Amino acid sequence: MSAAKTYSISCPECGHSQQVELYDSINVAQQPELKTALMENRLNRVQCAGCEASFRVDKPLLYHDADRNILIHWMPDSAVSREEILDEFDKSMEELRTALPADMEPPRVRLVFTRVELVELVFIIEAGMEERVVEHIKYTIHSQNMNRVPPAEKQLLLNVQDSTTDELIFAVMGAENGELEDILRYPREAYRSMQKMYRDNPDEFIELFPGPYISARERLRSEAEEENEQ
Ligand SMILES: [Zn+2]
């Protein structure tokens with residue numbers, strides 16, 4: 001079931017306050033039109049009754065795809081720190097596990113912090129790709145090109161739609177402004193052999209990205225922090 005609630009929202013342009021219906025969760029197997037709205041950047045979008053400005057409200061959203069048995073939580077990290085979000089998340093996962101019947105396969109659960117991460121992940125899942133393998137490739141790209149794509153300043157996003165059978169296309173985005181700065185190509189063949197490694201022996205990948213937030217950039221940044229502390 002998808003769920004929406006009424007929220008009181010102030011317009012970022014003129015400050016006009018109004019009551020709007022926003023989605024807390026979307027069930028995309030039942031309502032694929034909500035997935036389309038999300039992908040087209042129309043979900044939880046408000047038009048101001050005062051000045052007619054259109055803006056998106058970034059609030060926690062649960063993306064549920066029952067057909068693929070996956071739950072993705074989008075937790076915008078504007079209000080609280082990522083550490084607090086992760087703590088809170090662990091607790092709710094524990095509750096979910098206890099609440100599920102023993103014979104039911106628990107859903108794959110993922111956490112993202114931005115809408116672009118959510119959209120990228122949906123594309124990856126629907127293309128039947130492994131998100132840990134994709135992040136492993138990003139990890140390699142960052143590590144080998146620290147000057148060109150420093151993880152503190154740049155974010156890599158897999159562009160599933162423009163990738164071909166021969167090449168994966170990665171967009172290099174400014175981490176702060178979200179602007180497209182560059183394009184990187186990576187051989188699909190290398191992805192395939194890494195995917196085979198993952199399927200034969202996932203342990204190394206799971207150790208690198210234990211989840212629920214699977215991010216090469218986050219991993220590299222925490223590695224850099226640890227180095228600084230030593
Ligand atoms: Zn307004």
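Here are some notes:
- Candidates ALA53, ALA102, ALA37: whichever shows maximal mean-square fluctuation once the chain is modelled as a Gaussian network with Cα springs under 10 Å: ALA102
- Quotient of Cα Rg and 2.2 N^0.38 Å for the chain, N being how many residues it contains: 1.09
- The angle between the Cα long axis of helix 131-144 and the longest principal axis of the Cα atoms of the chain comes to about 60 degrees, rounded to the nearest 10.
- Along each principal axis, taking the top coordinate minus the bottom one, the Cα set of the stretch 125-230 gives 39, 33, 23 Å in descending order.
- Gap separating the Cα centres of the stretch 111-137 and the stretch 26-57, nearest whole Å: 21 Å
- The dipole here belongs to the stretch 1-113: it is taken about the Cα centre, uses +1 on the Cβ of Lys and Arg and -1 on the Cβ of Asp and Glu, and is about 280 debye.
- Using only alpha-carbon positions in the stretch 1-74, the gyration tensor eigenvalues give semi-axes of 26, 11, 9 Å once each is multiplied by 5 and square-rooted (largest first).
- Magnitude of the charge dipole for the chain, about its Cα centre and with charges confined to Cβ atoms of Lys, Arg (+1) and Asp, Glu (-1), is about 600 debye.
- Farthest toward the positive end of the dipole of the chain, out of LEU118, GLN47, ILE85, is the Cα of GLN47, where the dipole comes from beta carbon charges about the Cα centre.
- Label point distance in nm, ASP182-ASP87, each placed 7 Å from Cα along Cα→Cβ: 3.8 nm
- Of the residues ARG115, ARG56, the one with the fewest other Cβ atoms within 10 Å heads the list, and the complete ranking is ARG56, ARG115.
- Using only side-chain charges placed at the Cβ, +1 for Lys and Arg and -1 for Asp and Glu, the dipole size of the stretch 125-230 relative to its Cα centre rounds to 360 debye.
- Using R0 = 30 Å, the C-beta based FRET efficiency linking ALA66 and GLU167 works out to 0.40.
Every number here is computed from the coordinates shown, using simple stated rules; none is lab data. Note that the coordinates shown come from a computational prediction; the quantities given were computed from them, not determined experimentally. Neighbour counts run over all protein chains shown; Cβ positions are idealised from the backbone, glycine included.
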